[in-house]
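Okay, structure first, notes after.
The values are calculated or read from the model by the stated rules, or taken from the named source; none is laboratory data. Because the structure is a prediction, the values reported are computed rather than measured. Glycine also receives a Cβ, built like all others from the backbone with ideal geometry; neighbour counts cover every protein chain displayed. Please note that ligands, DNA and RNA were not included when accessible areas were found on the heavy atoms of the full protein model with its side chains. Shrake-Rupley method; radii C 1.70, N 1.55, O 1.52, S 1.80 Å.
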Amino acid sequence: MKTPYTSNTLKDFLLSQPLTVDVEIDDEACGCFPVKCIEFEATVLYLGIHEFSRLSLELSPSGMLIYLNMFLLWTEESLESGNFCVVEKFLDNAVLLLFSKRFGSEDPFLDALRVARWIGEQDTLLFRPDIGIASGTVAAGFAGTARAFTASVFGRPVILAAGCAKMKPGGDLASCITFPAEEWGVRSFDEAFPAFDVQHPDKGRVKQPSTWTLGEVRTVEFPGSGRTSLRDVANFIHWMPKVSADKKAAEWLETIKTKGYFKNKR
């Protein structure tokens, strides 16, 4: 029986586990390069930065960097109690989280849902990430040249999760999690989104009903895959923050400039 991997970086996973492929290819056109990867079953949680293009145009480059780091730190808070591996690399302006039995998860899809729920319920700065989930076979491996290699993940679930995130339904949604309909299976909603115990001032500990709603199966035209059945879990309770993340990033940059830490050498 394999011991679950418990670290939280893809690079460490690749360096500490037996590889599925470990060869060097000598291609007459491209030259010599290594192929080192591990194939395994996983659930991919895709967290896309909402309206990344608009933010990049409205914020200064340094302001966008501040925003990005705020987003990453906020996302990291959701990972404290899960068994998974964080992909420390942007793919199409997004963060990918991997959940797998290889990492100790008993139910990878359910663990992904729970992290996505936390993100939807703790969005105090209105990041409003585009959230998609998909499962299947992935390959974690090193990609690059002789100058530098980085760890990344490849496979249909990555593309499918990204596509699901971009195909959420319309409406006044505070947060939405989209995934292939077959992923839900025969789960009960109470299992995936249980009520929380909260302290009531008069009644003591009471159950706080879930603010999420499970949508019906809907069929969409999925690029490269044809007609695909999707399902969504949506939250309609909106946060009313004093300041949004983009405005806060701009404020931090202004503070940096005011204190003399911004040295423009153009």
Go through the stretch 119-137 residue by residue and tally those that are surrounded by fewer than 24 Cβ atoms within 10 Å (Cβ to Cβ) and either under 19 Å from SER100 (Cα atoms) or of a type in the set (A, V, I, L, M) (or both).
6
Looking at the stretch 163-182 only, could you name the residues that are part of a helix (DSSP H, G or I) and surrounded by fewer than 20 Cβ atoms within 10 Å (Cβ to Cβ)?
LYS166, ALA181, GLU182
If I filter the stretch 120-128 for residues that are under 21 Å from THR9 (Cβ atoms) and either modelled with pLDDT under 90 or not aromatic (Phe, Trp, Tyr) (or both), do I get at least one hit?
no
Some residue of the stretch 51-68 being of a type in the set (Phe, Trp, Tyr), open to solvent by less than 30 Å² (accessible area, probe 1.4 Å) and farther than 24 Å from GLU254 by Cα
no
Could you tell me which numbered condition THR213 fails, if it satisfies all but one of (1) surrounded by 12 or more Cβ atoms within 10 Å (Cβ to Cβ); (2) modelled with pLDDT of 85 or more; (3) among the hydroxyl-bearing types (Ser, Thr, Tyr); (4) in contact with a Leu (Cβ under 9 Å, 6 or more places away or on another chain)?
(4)
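Considering the stretch 214-228 alone, what residues qualify as being on the phi > 0 side of the Ramachandran plot and touching a Gly at 6+ places or on another chain (Cβ under 9 Å)?
Once the filter is applied, which keeps residues that are on the phi > 0 side of the Ramachandran plot and touching a Gly at 6+ places or on another chain (Cβ under 9 Å), the stretch 214-228 yields only GLY224.
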For a quick check of your reading of the model, give me the residue pairs whose first member lies in the stretch 47-63 and is under 24 Å from THR178 (Cβ atoms), whose second is open to solvent by 50 Å² or more (accessible area, probe 1.4 Å) and not β-branched (Val, Ile, Thr), with beta-carbon atoms closer than 8 Å and at least 6 apart or on different chains.
GLY48/ASP92; GLY48/ASN93; GLY48/LYS166; ILE49/ASN93; HIS50/ARG128; PHE52/ASN93
From the residues in the stretch 1-28 that are of a type in the set (Ser, Thr, Tyr) and open to solvent by 60 Å² or more (accessible area, probe 1.4 Å), which one is modelled with the highest pLDDT?
THR20
